[in-house]
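S.K.: Sharing a structure below in structure tokens format, with a few things to ask.
The values are calculated or read from the model by the stated rules, or taken from the named source; none is laboratory data. These numbers were taken from a predicted model, which means no experiment stands behind them. In this analysis, Cβ positions are derived from the backbone assuming ideal geometry, glycine residues included, and neighbour counts consider all displayed protein chains.
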Amino acid sequence: MKKTLSIACAVAAPILFSQSATAAFDYFKSGDDGFKRYSISAGWLHAEPQGKATPVKNTTAIRDGKVSQNGSVTAGAVKDVIDPAQGEARVNEINGLLGILGDDADLGTLGASGSTVINGLGNFATPGTGLESDTVDTIGMLFTYYVDDHWGVEVKAGIPPKVDILGKGEVIAPFRGTVTPTGIGAGLGDFDIKDDIQITDMTRGGGVASTARAWLPAALVQYQFGKPGVNKFRPYVGAGVMYAYFDDIKLNKGIGQDLQIAAGRLELINNDKAGAALGTKEEIRDNKDAGVADMKVKVEADSAWAPIINVGATYDFDENWFAVGSISYAKLDSDTTITVKNKEGNQLIEAKSNIDIDPYITYLGVGYRF
């Protein structure tokens, strides 16, 4: 909070004091003519994001071309991932030879599992996935310093709301590989495998992928039409900057567990147990060699500056009390980064999503001039 208030003051201060560098101290006080230089208001603030989700970009520790020993893997598990793009005749040939051994035969025990050149996991993005900010309501406050009858500086803030970050789509890892069998499996020759592995469903938990506390102060220079003491209704326009800072970020528990399991698959590949990495989520979770329970998931959101414009109006009840309403638009986006590390602190997964917020901010309040 201190960081945010300091930044808001840093934005507003140069604008405020540049107008008064050569003025006497009493310039900041209401004059004998009753001109009010300050106003403060409180009311309802509603933010309606307009941005759309962008695909989650994933980077893992398994670079394209990584060679991993397959270790223990059943013939049935291999048959399930044979790439049909090799042609029906080739697929039937491989299935036929594996079928002789039986689906439950462990190729690793038979010395036939060999190795796999792995591709597709180094960098990938799944279309239709991403994160979006939900609407928020909170108590807002405006503080305005009036330079003269028309020009002023407005500082806008609110009680930092908890924002729901909505998830979109399923994250799919496009696992691809070329298997080189050994021993009695050498007669198969090299063949390709393919498995589109579901990492997680971003809509889990009612669609809320994560929550965060949002600090969104803004400072604007404003021009107000009409004259004080003459026009009760006075429209205004303004432009300035907004600062966005997010903390207390919490990831959906189910998504976090899915990412731990995904990291467990990568750990198995790194440890020359690529065959086991093709198992179900339950099998990966229960495999001690995957180290799922020790995976650490961390989520962060970048702070950001954004231009903001607004239009609004005040209506005077008397010389002190007034009503105010405004609508603002900020061109705001923020990057969210999720990382997963193993027990040794080695990073296995980095998932990035740009949250395109671009909110319309509506404010209605009652204020006092002094």
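S.K.: Which is within 28 Å of Ala239 (Cβ to Cβ), among the β-branched types (Val, Ile, Thr), at pLDDT 95 or above and out of contact with any His (no Cβ under 7 Å at 6 or more places or on another chain), of Thr144, Thr178?
M.R.: Details: Thr178 fails: within 28 Å of Ala239 (Cβ to Cβ).
Testing whether each residue is within 28 Å of Ala239 (Cβ to Cβ), among the β-branched types (Val, Ile, Thr), at pLDDT 95 or above and out of contact with any His (no Cβ under 7 Å at 6 or more places or on another chain) leaves just Thr144.
S.K.: Still on this structure: Testing Asn287 on (1) within 30 Å of Asp196 (Cα to Cα); (2) of a type outside the set (Lys, Arg); (3) surrounded by 22 or more Cβ atoms within 10 Å (Cβ to Cβ), one condition comes back false. Which one is that?
M.R.: Answer for Asn287: the failing condition is (3).
S.K.: For Trp321, work out the one condition from (1) modelled with pLDDT of 95 or more; (2) within 24 Å of the chain's Cα centre (by Cα) it doesn't fulfil.
M.R.: Going through the list (1) modelled with pLDDT of 95 or more; (2) within 24 Å of the chain's Cα centre (by Cα), Trp321 breaks only (2).
S.K.: Given the criteria in contact (Cβ under 8 Å) with a residue 40 or more places away in the chain, over 30 Å from Gly120 (Cβ atoms) and either hydroxyl-bearing (Ser, Thr, Tyr) or buried (at least 19 other Cβ atoms within 10 Å of the Cβ) (or both), does Ile269 qualify?
M.R.: Spelling it out, it is not the case that Ile269 is in contact (Cβ under 8 Å) with a residue 40 or more places away in the chain, over 30 Å from Gly120 (Cβ atoms) and either hydroxyl-bearing (Ser, Thr, Tyr) or buried (at least 19 other Cβ atoms within 10 Å of the Cβ) (or both).
S.K.: Does segment 98-108 include one or more residues that are under 36 Å from the mean Cα position of the chain (by Cα), in a helix (DSSP H, G or I), surrounded by fewer than 18 Cβ atoms within 10 Å (Cβ to Cβ) and touching a residue at least 12 places away in the same chain (Cβ under 8 Å)?
M.R.: Let us first name the residues in segment 98-108 that are under 36 Å from the mean Cα position of the chain (by Cα), namely none.
No: zero hits.
S.K.: Next question. With the requirement that a residue be small (Gly, Ala, Ser), out of contact with any strand residue (DSSP E or B) (no Cβ under 9 Å at 6 or more places or on another chain) and on the phi < 0 side of the Ramachandran plot, what does segment 271-294 give you?
M.R.: Ala276, Gly279, Ala290, Ala293 - these are the residues of segment 271-294 that are small (Gly, Ala, Ser), out of contact with any strand residue (DSSP E or B) (no Cβ under 9 Å at 6 or more places or on another chain) and on the phi < 0 side of the Ramachandran plot.
S.K.: Would it be correct to say that Ala277 is exposed (fewer than 14 other Cβ atoms within 10 Å of the Cβ) and either free of Cβ contacts under 8 Å to residues at least 24 places away in the same chain or assigned to a helix (DSSP H, G or I) (or both)?
M.R.: Answer is no for this residue.
S.K.: One residue is enough: does segment 302-315 have a residue meeting the conditions in a strand (DSSP E or B), of a type in the set (Asp, Glu), surrounded by fewer than 20 Cβ atoms within 10 Å (Cβ to Cβ) and without any contact (Cβ under 8 Å) to a residue 60 or more places away in the chain?
M.R.: no
S.K.: What are the pairs with Cβ atoms under 7 angstrom where one residue, in segment 48-69, is on the phi < 0 side of the Ramachandran plot and in contact (Cβ under 8 Å) with a residue 40 or more places away in the chain and the other, located anywhere, is in a loop (DSSP other than H, G, I, E, B) and among the hydrophobic types (A, V, I, L, M, F, W, C)? Sequence gap at least six, or different chains.
M.R.: Sorted first by the residue in segment 48-69, then by its partner, the pairs are Pro49/Ile357; Gly51/Ile357; Thr60/Leu121; Ile62/Leu121; Ser68/Ala274; Gln69/Ala274.
S.K.: Within segment 214-258, track down each residue that is touching a Gly at 6+ places or on another chain (Cβ under 8 Å), of a type in the set (D, E, K, R) and outside any strand (DSSP E or B).
M.R.: Correct list: Lys253 only.
S.K.: Just checking, does segment 121-137 include any residue being surrounded by 15 or more Cβ atoms within 10 Å (Cβ to Cβ), in contact with a Leu (Cβ under 6 Å, 6 or more places away or on another chain) and not in a loop (DSSP other than H, G, I, E, B)?
M.R.: yes
S.K.: Same structure again: Being in contact with a Pro (Cβ under 8 Å, 6 or more places away or on another chain) and either surrounded by fewer than 20 Cβ atoms within 10 Å (Cβ to Cβ) or modelled with pLDDT under 95 (or both) is the filter here, so list the residues in segment 204-233 that pass it.
M.R.: Matches in segment 204-233: Arg213, Ala214, Trp215, Leu216, Phe225, Gly226.
S.K.: Let me ask another. Which pairs have Cβ atoms under 7 Å, sit 6 or more apart or on different chains, and link a residue in segment 334-347 that is over 12 Å from Thr60 (Cα atoms) to one that is modelled with pLDDT under 95 and not in a strand (DSSP E or B)?
M.R.: Listed pairs, sorted by first residue: Ser334/Asp302; Ser334/Ile357; Asp335/Asp302.
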